[in-house]
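Presented below is the structure to which this report refers.
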């Protein structure tokens with residue numbers, strides 16, 4: 001199996017490291033060290049990281065320190081996110097707007113790339129073809 005050119009890193013993995021999570025920091029650091037130079041975040045992950053920051057430069061510095069780049073979500077990914085949200089609503093989901101995980105999973109699905117994550121539920125449900133690197 002060939003190694004992916006890029007890999008998405010979910011917010012929870014990045015926060016494990018930046019917040020020194022006692023339970024998950026080592027696992028997350030180990031996974032990220034395997035993909036140095038190939039890790040990316042998208043606008044949804046970036047915005048989730050901004051939640052507790054006062055300045056976008058702080059978030060950019062975290063990404064630079066961790067060796068993570070920023071990539072936009074391709075149009076196909078946006079379409080797939082909408083389709084996943086539609087399915088979610090058909091199954092009785094109560095949210096009125098697509099959830100961040102739909103954009104993250106759809107981004108990975110559109111590019112055929114894996115996601116490093118600890119939160120596998122929605123990805124497995126709505127994007128079963130996406131490879132998940134998870135505990």
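No lab work stands behind these numbers, since they all come straight from the coordinates. Keep in mind it's a predicted model, so treat the numbers as computed, not measured. FYI the Cβ positions are ideal-geometry reconstructions off the backbone, even for glycines, and counts take in every protein chain you see.
What relative contact order, as a whole-number percentage, does the chain give when Cα pairs under 8 Å and 6 or more residues apart are counted?
About 28 percent, as a whole number.
Can you give the relative contact order of the stretch 25-70 as a percent, counting alpha carbon pairs under 8 Å and 6+ residues apart?
50
In whole angstrom, how far apart do the alpha carbon centroids of the stretch 34-84 and the stretch 92-121 sit?
Rounded to whole Å, the Cα centres lie 13 Å apart.
Cα axis of helix 75-90 to longest principal axis of the chain: angle in degrees, 0 to 90, nearest 10?
60
Quote to one decimal, in nm, the extra length available between residue 120 and residue 22 on full extension: 0.36 nm per residue of separation minus the C-alpha distance between them.
33.3 nm
What value, in deg cm²/dmol to 500, does the helix sum -39500 (n - 2.57) over DSSP H runs of n ≥ 4 give at 222 nm once divided by the residues of the chain?
-15000 deg cm²/dmol
Give me the angle, in degrees from 0 to 90, between the Cα long axis of helix 100-111 and the longest principal axis of the Cα atoms of the chain, rounded to the nearest 10.
Relative to the chain, helix 100-111 is tipped by roughly 90 degrees.
Describe numerically, in nm with one decimal, the distance between label points set 7 Å from Cα along Cα→Cβ at residue 87 and at residue 65.
3.8
Enter the angle in degrees (range 0 to 90, nearest 10) between the Cα long axis of helix 56-66 and the first principal axis of the Cα atoms of the chain, meaning the one along which they spread out most.
That helix lies at roughly 70 degrees to the long axis.
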